[in-house]
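Working notes, structure below.
The values are calculated or read from the model by the stated rules, or taken from the named source; none is laboratory data. Here the structure is a predicted model, which means the values were calculated and not measured. Please note: Cβ atoms are built from the backbone with ideal geometry, for glycine as well, and neighbour counts cover all protein chains shown.
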Amino acid sequence: MAQSNRVNGKKVTARVAVVAAGVVSPLGFGLTETLDSLRNSRDCVSPVRRFSVEQCRCKTAGQISDERLLAARNDAPRPRRRLHRASHMMIQALNELLTQQPQFKPELTVIGTTSGGMSYGEDYYRSLHQAGKLRHAPTWIANYPAQKPVIDAQEAFGISSPGQVIANACASGTNAIGHAFECVRSGRYKRVLAGGYDALSEMVFVGFDSLQASTPDKCRPFDRNRTGMVLGEGAALLALENLDLAQQRGAPVLAEIIGYGISTDNYHITQPDPSGIGAQQAMERALHSAEISARDVDYINAHGTATVFNDTAEGKAISSLFNGVPVSSTKGMMGHSLGAAGAIEAIVCLLALQHQLLPPNINFAILDDNLDLNIVANEARPAVLHTALSNSFGFGGTNASILMRRSHRRQDYGGPVEA
Amino acid sequence: MSLAIAGMGWVTPLGSGIDSVWKRLLQGHEASATTVSESVSDRRYTTFRVPESALTGFAHSRLRRASVISRFAAAAGLEALHNAGVKLDSQSAERTALIFAISNGGVIYTKRFYRDILEAGAQSASPLLFPETVFNASASHLAAILGITGASYTLVGDGAVGIAAIRMAEDMMANERLDYCVVVGTEEVDWLLCDAYRLWRLLRPAPPIEPFSNQRSGMILGEGAGAILFAREGAITVERTHAGGFFTKRAQAAKILKTILRDLGHSEIDLVISSANGTFVDQAEHAALEEILPDVLVYTGKPALGESVGAAALWQVILAAQALQQRELPPVLHADSAVSLRLPHARTEIPQARQAIVLGCGLNQQAAGLRLAIR
C-alpha cells in the first residue's frame, strides 16, 4: 500500500518495528498472562454480570475483572478515580508498554474503538428516562466521548501527542495499526502509538443479540455447528517506530509490521459480501504492500467471529489465496472485543511470532463443510513462524489486514515476556 | 506535501449548496431557531436544524433507513464531487479514499434504540436500527453510493476532528496510490445532545451566539455536513496541517492554540477562521490570537450556523476557501464592537488575501489547525 511514498520528492519506505506492547483482555493483564492463556487454550468467556441479559439469547462474554482493573489503576503515575472502565484499560495497557520502553514518545497516537464510553451514555439516558438522579451526569458525559480514554491514558503518563480515533466498527483496531504503520513507513513519522479499546456495554450487547449474531452457545469459529459470536472487551497498544531509529537507540524489535491492506465491500451494512471479495482484497493488498506472496505467510489470525456469514466469507477468501496455512480465530477464547479486537489479535500474532506457537481455535469440532481451512484446533501448537497475518472485518463492509514478521535478531527474541 | 481543494459540498441550517449558503452568509443571514423537546423531560432547547428544503429531491435507495446524519453527509459528498466535475468509475473509486469526521454520530437512532430496550426490553430491540447507531454507518453509506472499494475511515472527536481528518488525508495522499480523498464532516442535532451540553454549561437557551463575549453565555447546536474533495492540484491548497494536541483543562486551551498559530503563522496570514461559539473556546482563541496574530481579520460562522461539532471544522475550511476565492468575508454576527480582535462586522472585501488559518478548538479537549493558500 505504501510502496512509493514521497517526502520532499524523495521516495521513502521505512521499515516499521514494534518496540513495545501492552494489553488487557479477558486472556489476562499483560503479555505474560496473555501468552499463558494462549498456551493453555484457556476459555475466558463467562456469564455477563454487568447488566441484565435475561431477555437476550446470548448470556456470556469475555470480560475483564473490575477488581483487577481498579486495583491496577494505582500503577499509573497519576491515578484518577472517576474515569470510565475503558480509560482504566487503556491506562493499564499503556503502563505495560511504557514499562518496556519508558522513553517512547510518540508523535501521533492512532486508536480504534467502536463505542467509546457508551455505558456512561446508557447511565445518563437511563437516569433521564427513569427520572433518576443526575448527580453523576456531568461525569458520565465528560467520560463518554470516544477520545476520552485515549486522552486519559496519555495524560496519565505525560504523553501529549495528537490523537486520531478511528471508529471503523470491528476493523477499527487493525485499521489503527495499519494507518500508524503507513505513517511510519512513509517517513512522515518516526514513532506512532497505535491500538484499540472497547468496553462491554448493554446497548452494544443487545444490538448484536437483536441481529442474532451472538450465540447462546459457545463461540465456535469455523465449526460446522457454529451459531454466532460472543462479545468481549479490552485494550491493546503497540509502539511503532522506524526500525533504523529503533535499532540505533538499542530498542528491542519485538516484530516488524510489514504490510497493511484495507478494502470496503459495500455489500450490506452488517453482512460481508458472501463471495469473500472484501476480505480477499484486504489480504491481497496487505501482501502487495509487504511485497511478499501468500506462500510466505505461516499463520493467519482470522477475524473468525463464528457467525455463519463472516466465517463463510472469510474462509472462502483465505482458501482462495492461501494453501493450507494454519488458521485460528482466538475469539472463542476471549470473545469479540470490537474496536480492541484487531489490536489484541495483533498482540496474539506478536506472541505467536516471538514464541513460535500457533494460537488455538477453541471449541472446534468439525470444519464447516463448505470451507477448506487448516484450523489450529483446540490446542496451541509449536511451529516455525516467520510471518503472520491478522484480519479484522466490520459493519459497513470495512475490511483490514496487517502482516507482521518475526524479528530475526537473536537479542530481540522473546522481548519483554521471555525473561 | 500539500493538498488541493478540488470540490466542496455544504448542507447547513442555512440550506445546502456552496454558492447558496455563502450568499446567505454574505447577506448576514442567521439560521432559523427550532425548539426540540423530549418526553423524558420538560426541558426544551433551541437549535439550528437543517431545513427540509435543503435535501429536497435528494434520495438514494441506500439511504432508505438511514438517519439524517447519513443523508447530510451523502448530499454534501455528492455535491463536492459534482462541483469538482469528478465522476468516479470503478478504477478511480479504487484510487479514492473516504474519511469521515464525526463527533456524536447517529445519536437519534442510538437514543431510540436504547429507549426501546428500556421501555420494552431487550427482545424488542430493532435489528434495523442497531447498524445505523455505529459511528461508521454514514461513511459506509457514502462509500456504497460512490462505489469506493479502498480506504474508508471514520474519525471520532470533537470540533477539531475535521482538521484531524484533513491531516489524515494529507498522510494518506502521501501515497501515490491515491488520486483523491473525500473528507466529510457530519453531525445531527438531538435533544439529548443539548441536554448534555447544558449540563456542561456550554449551551444557551436561545440565540444569538455572541462570539468573543466576556459573558461566555454559550452556544446553540447546529447540524449538517461539509465535504471537501482533495486532489493534488488546485487553486486552493492546504499548505500545512497542524495536528495540535489535547488540553486537559479548559484554561490550557489557549496555550495549545498559541502553539498552533505560531507554527502556522510563519508566513503572512490574512485571515483566521475561528471556532468561536460563545463558550470557553472564545476566550482561548481570543487570548491566542491577540498574542500571536493581533492584526489579522478573524471570522466565525457559528453565530449564523450554530456549533455543528463533527462538521464544524469542515465548515470552517469551506468558509476559508470561499473567502480566499471570492475575496470577501461575511459579517460576524452578534459580535460586540468592543471585542479587541479585528472582526468584520459588515461584509468585507479582502482583495489581497492569500492565506488563511483555520483554527479548531473543540469542546472535548482537542485542538488543531491548518493553513490554506490561494495560488
Identify the single condition in (1) part of a loop (DSSP other than H, G, I, E, B); (2) buried (at least 19 other Cβ atoms within 10 Å of the Cβ) that A:A131 does not satisfy, given that it satisfies every other one. (2)
Are any of the residues in the range A:187-209 within 8 Å of chain B (Cβ to nearest Cβ), polar (S, T, N, Q) and touching a residue at least 12 places away in the same chain (Cβ under 8 Å)? no
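Restricting the range A:178-229 to residues that are assigned to a strand (DSSP E or B) and of a type in the set (A, V, I, L, M, F, W, C), which is surrounded by the most Cβ atoms within 10 Å (Cβ to Cβ)? Show your work before the answer.
Narrowing the range A:178-229 to residues assigned to a strand (DSSP E or B): A:191-198, A:214, A:223, A:229.
So of that shortlist, the ones also of a type in the set (A, V, I, L, M, F, W, C) come out as A:192-194, A:229.
Numbers: A:V192: 27, A:L193: 29, A:A194: 33, A:M229: 27.
Across the range A:178-229, the extreme among qualifying residues is A:A194.
Has the range B:99-112 got any residue that is within 26 Å of A:Q130 (Cβ to Cβ) and facing another protein chain (nearest Cβ under 7 Å)? Quick ask: steps written out before the conclusion?
Restricting attention to the range B:99-112, the residues satisfying the condition of being within 26 Å of A:Q130 (Cβ to Cβ) are B:104-112.
Among the residues that remain, those that are also facing another protein chain (nearest Cβ under 7 Å) are: B:111.
Taking every residue of the range B:99-112 in turn, at least one turns out to be within 26 Å of A:Q130 (Cβ to Cβ) and facing another protein chain (nearest Cβ under 7 Å).
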Residue, surrounded by the fewest Cβ atoms within 10 Å (Cβ to Cβ), within the range B:159-171, restricted to residues that are at the interface with another protein chain (Cβ under 7 Å from one of its Cβ atoms) and modelled with pLDDT of 95 or more: B:M168
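Any residue that is basic (K, R), in contact (Cβ under 8 Å) with a residue 24 or more places away in the chain and within 9 Å of another protein chain (Cβ to nearest Cβ) - is there at least one of those in the range B:197-205? Full working, then the answer.
We begin by selecting, within the range B:197-205, every residue basic (K, R); these are B:198, B:201, B:204.
Now restrict to residues that are in contact (Cβ under 8 Å) with a residue 24 or more places away in the chain: B:198, B:204.
Still in the list and also within 9 Å of another protein chain (Cβ to nearest Cβ): none.
No, because not a single residue in the range B:197-205 is basic (K, R), in contact (Cβ under 8 Å) with a residue 24 or more places away in the chain and within 9 Å of another protein chain (Cβ to nearest Cβ).
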Do we find that A:G117 is surrounded by fewer than 23 Cβ atoms within 10 Å (Cβ to Cβ), touching a helix residue (DSSP H, G or I) at 6+ places or on another chain (Cβ under 9 Å) and small (G, A, S) in this structure? no
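With the requirement that a residue be of a type in the set (G, A, S) and within 20 Å of B:D171 (Cα to Cα), what does the range B:227-267 give you?
Within the range B:227-267, the first condition is being of a type in the set (G, A, S), and the residues that meet it are B:227, B:231, B:234-235, B:243-245, B:251, B:253-254, B:265, B:267.
Those that are of a type in the set (G, A, S) and within 20 Å of B:D171 (Cα to Cα): B:A227, B:A231, B:G234, B:A243, B:G244, B:G245.
Restricting attention to helices (runs of 4 or more DSSP H) lying wholly within the range A:13-114, give those where 1 or more residues are β-branched (V, I, T).
Details: elements: A:30-39, A:66-72, A:85-100.
So the answer is A:30-39, A:85-100.
Kindly indicate the residue of the range B:55-74 that is touching a residue at least 12 places away in the same chain (Cβ under 8 Å) and more than 18 Å from B:V309 (Cβ to Cβ) and also surrounded by the fewest Cβ atoms within 10 Å (Cβ to Cβ) among those meeting that condition.
First, the residues of the range B:55-74 that are touching a residue at least 12 places away in the same chain (Cβ under 8 Å): B:55, B:58, B:60, B:62-63, B:65-74.
Restricting the remaining residues to those that are more than 18 Å from B:V309 (Cβ to Cβ) gives B:55, B:58, B:60, B:62-63, B:65-66, B:74.
Details: B:L55: 18, B:F58: 15, B:H60: 16, B:R62: 17, B:L63: 21, B:R65: 13, B:A66: 21, B:A74: 29.
Once the filter is applied, the top-ranked residue is B:R65.
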Which condition does A:N143 not pass, out of (1) modelled with pLDDT under 95; (2) within 10 Å of chain B (Cβ to nearest Cβ); (3) within 22 Å of A:A340 (Cα to Cα), if it passes all the others? (2)
Could you list, in sequence order, the residues of the range B:117-133 that are facing chain A (nearest Cβ under 7 Å) and of a type in the set (A, V, I, L, M)? B:I117, B:L118, B:A122, B:A125
What residue, of A:E284, A:E241, A:E291, is surrounded by 24 or more Cβ atoms within 10 Å (Cβ to Cβ), within 26 Å of B:N175 (Cβ to Cβ) and among the acidic types (D, E)? A:E241
Only listed residue being without any contact (Cβ under 8 Å) to a residue 60 or more places away in the chain and either farther than 27 Å from B:L202 by Cα or under 21 Å from the mean Cα position of the chain (by Cα) (or both), chosen from B:P51, B:P13: B:P51
